[in-house]
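S.K.: Just dropping this structure here.
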Amino acid sequence: MSEIQQKEYPSVQEMTDDQRIKIVKDIFASVTDKYDFLNRFLSGRRDIAWRKRTIMEMEFLNTHRFLDIATGTGDLALDCAKTYPEVKVTGVDFVQGMVDKGMEKVSDQNLLDKVKLKWGDATNLEFEDNSFDVTAIAFGIRNIPDKEKALSEMKRIIVPNGQVMVLELTTPEPGLWRTFYSFYLNGMLPKLAKLFTKNPAAYEYLADSIINFPTRKEFLKLMESIGLKNCRAIPLTFGVCTLYIGKK
């Protein structure tokens, strides 16, 4: 086996914040080429529907600008631009390889005049206060140790009554479906990923990060604690994904 194939990561609960940031960068740099394919394959293409639901909940009333945080290869940013032609979209991610891959997609889809992707840190956004109508993060908040700081930054850069949206993989309520999903996350998912990536340990981390993510009640409380209002959680696909929405 190659050195990459032998990688192992400590559990989420054992990682320091700095260690987790370094590990997340390493993971996403190692799966960039297969990232889009694995998202579709491992979610049964449900990730497409989840992003579509997120976009349909967006409200553009003031700046007609959208910021996609932890944009990855730009799927949410691109979907927004195609759904709302009048909206200008910016995406940021702290893995430059993901940004580069995303910009290839932006160019291929002839959206360079509507979508700009660049390097950026979710906990220290370079944008001025009240710059966007909507900001969202899809499948990225669980990888950020300081979730409160990231949410506070998201709130800061949107206009009053603007939306903060978080789309994240979650665990269903206790029951048969949760039992099956846990088996899929811990047993099947890393084995499936091993067929397509040189770093299957990345998907062991994925399962671990989902299991250790706050409950819906806990995450809503976190959103409310930074001053967001009208916070709600929308479970998707029996709760394996949740869309959180709050207003400034």
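S.K.: Please figure out what share of the DSSP beta bridges in the stretch 12-247 is antiparallel and state it in percent, rounded to the nearest 5.
M.R.: 40
S.K.: In addition: Defining a contact as two alpha carbons under 8 Å apart and six or more residues distant in sequence, what relative contact order in percent does the chain show?
M.R.: 21
S.K.: Reachable lysines from Lys191, Cα under 18 Å, same-chain residues fewer than 8 places away excluded?
M.R.: Lys7, Lys34
S.K.: Also, quick follow-up: By how many nm would the segment from Lys247 to Arg40 lengthen if fully extended, with 0.36 nm per residue of separation less the alpha-carbon distance?
M.R.: 71.5 nm is the gain from fully extending Lys247 to Arg40.
S.K.: Around Thr215, under 13 Å between beta carbons, what's the net of Lys plus Arg minus Asp minus Glu among the other residues?
M.R.: +2
S.K.: How long, wide and thick is the chain, going by the Cα atoms along their three principal axes, in whole angstroms, largest first?
M.R.: Rounded to whole Å, the extents work out to 52, 40, 33 Å.
S.K.: At 7 Å along the Cα-to-beta-carbon direction for both Trp119 and Thr16, put a label point, then send me their distance in nm to one decimal.
M.R.: Rounded to a tenth, the inter-label distance reads 2.3 nm.
S.K.: Please order Val106, Val134 by the number of other Cβ within 10 Å, starting at the fewest.
M.R.: Numbers: Val106 22, Val134 30.
So the residues, fewest neighbours to most, are Val106, Val134.
S.K.: So, one more: Scan around Gly91 for amide H atoms under 5 Å from its own, H built in the peptide plane at 1.01 Å from N, and keep only partners 5 or more places away or cross-chain.
M.R.: Close amide H contacts, sequence-distant or interchain: Asp68, Lys116, Leu117, Lys118.
S.K.: OK, next. Whole percent per 5 Å bin, from 0 to the bin with the longest distance: what is P(r) over all C-alpha pairs of the stretch 175-236?
M.R.: 4, 16, 18, 17, 14, 13, 11, 6, 2
S.K.: Thinking of the stretch 1-136 as a set of Cα atoms, what percent of all their pairs are more than 20 Å apart?
M.R.: Roughly 52 percent, once rounded to a whole number.
S.K.: Once you have all Cα-Cα distances for the stretch 52-194, histogram them in 5 Å bins from zero and send the whole-percent values.
M.R.: 2, 10, 18, 20, 19, 13, 9, 6, 3, 0
S.K.: Taking K and R as +1 and D and E as -1, what net charge do the other residues with C-beta under 11 Å from the C-beta of Ile226 add up to?
M.R.: Neighbour charge sum, excluding Ile226 itself: +4.
S.K.: Also: Between their Cα atoms, which of Lys22/Lys229; Lys22/Lys198; Lys147/Lys217; Lys22/Lys221 are more than 22 Å away from each other? Spell out each step's value before the answer.
M.R.: On the way: Lys22/Lys229 33 Å; Lys22/Lys198 18 Å; Lys147/Lys217 15 Å; Lys22/Lys221 28 Å.
Going by Cα-Cα distance, Lys22/Lys229; Lys22/Lys221 fall outside the 22 Å limit.
Here, each number is a calculation from the coordinates, and none is a lab measurement. The shown structure was predicted, so the numbers you read here are calculated from the model rather than taken from an experiment. Here Cβ is always computed from backbone atoms with ideal geometry, including for glycine, and neighbour counts include all displayed protein chains.
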